[in-house]
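J.: Take this structure, written in structure tokens, and hold onto it; I'll ask about it next.
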Amino acid sequence: LKTVAAILIAKYILKGEPNAVFIAGLGAVLGHNFPLYFKFKGGKGVSCVCGAIFLTYTWQAVVCYLLTIAIIALTKYVSLGSICLVSMFAVAVTLTEAVTGFPHWVAIPWAFIVAALVIWRHHENIGRLLKGTERKLGEKK
């Protein structure tokens, strides 16, 4: 909800600035990942990113969500699905901007920065995936 609120406030207060939604989305993800009140120890940002991508590139986000659900259903690895989600979204934004003549070119670095943040926050999961020790969805400890 905080990402949705940040983006909607930016969208309506700064109507003439199309890049405001990207700045607000990035701010929400950074605030989620590194909250001051928890000594900069926050989440991995996936839920924030899901809200941000839906509000910025809706149909691309929906396609990425569906592919992510398929990846998680096939592999049972939520972390892998999350990493694939942000990676696919960054590619989708790049392709969309290329096809439309780059009207919002700043979205491309934004998408890759947000993806990099999520992937970086999953570094321990990536290590476990590579070692084969990552827990699968529904698997008990």
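J.: Taking the alpha-carbon centroid of each part, what is the distance from the stretch 43-60 to the stretch 84-109 in angstrom?
T.: Each part's Cα centre sits 14 Å from the other's.
J.: Further question: Based on Cα coordinates alone, diagonalise the gyration tensor for the stretch 53-96, multiply each eigenvalue by 5, take square roots, and list the semi-axes in whole Å, largest first.
T.: On the way: eigenvalues 72, 18, 12 Å².
Calculated on Cα positions only, the semi-axes equal 19, 10, 8 Å.
J.: Then there's this: Of the heavy-atom accessible surface of the stretch 1-140 (probe 1.4 angstrom), what whole percent is carbon and sulfur?
T.: On the way: 5990 of 8160 Å².
With neighbouring chains kept in place, the figure for the stretch 1-140 is 73 percent.
J.: Here's a follow-up. Enter the accessible area per residue of the stretch 14-89 (Å², integer; probe 1.4 Å; all protein chains in place). Each step should come with its number before you reach the end.
T.: Numbers: 3960 Å² over 76 residues.
Accessible area per residue: 52 Å².
J.: Ignoring chymotrypsin sites (Phe, Trp or Tyr not before Pro) that are buried or in helix or strand per DSSP, and keeping those with at most 13 other beta carbon atoms within 10 Å, what is the longest stretch of the chain between them?
T.: By the stated rule (loop sites, at most 13 other Cβ atoms within 10 Å), 41-104.
J.: Something else: Normalised by the empirical 2.2 N^0.38 Å for globular proteins, what value does the Cα Rg of the chain take?
T.: 1.09
J.: Tell me which residues come under 5 Å, amide H to amide H, from TYR77 once H is placed; ignore anything under 5 positions away on its chain.
T.: LEU137
J.: For a 27 Å ceiling on Cα separation, which of these pairs sit above it: LYS15/LYS44; LYS39/LYS140; LYS76/LYS131?
T.: The pairs that break the limit, which is 27 Å between Cα atoms, are LYS15/LYS44; LYS39/LYS140.
J.: Select from the chain the helices, each a whole stretch of DSSP H, whose alpha-carbon atoms run 27 Å or more along the helix axis and whose Kyte-Doolittle mean is at least 0.0; answer none if there are none.
T.: Going by DSSP H runs, the hits are 78-99.
The values are calculated or read from the model by the stated rules, or taken from the named source; none is laboratory data. Predicted, not measured: the structure shown is a model, and the values here were computed from it. Cβ atoms come from the backbone with ideal geometry, glycine included; neighbour counts cover every protein chain shown. Keep in mind that these areas ignore ligands, DNA and RNA; they rest on the heavy atoms of the full protein, side chains included. Shrake-Rupley method; radii C 1.70, N 1.55, O 1.52, S 1.80 Å.
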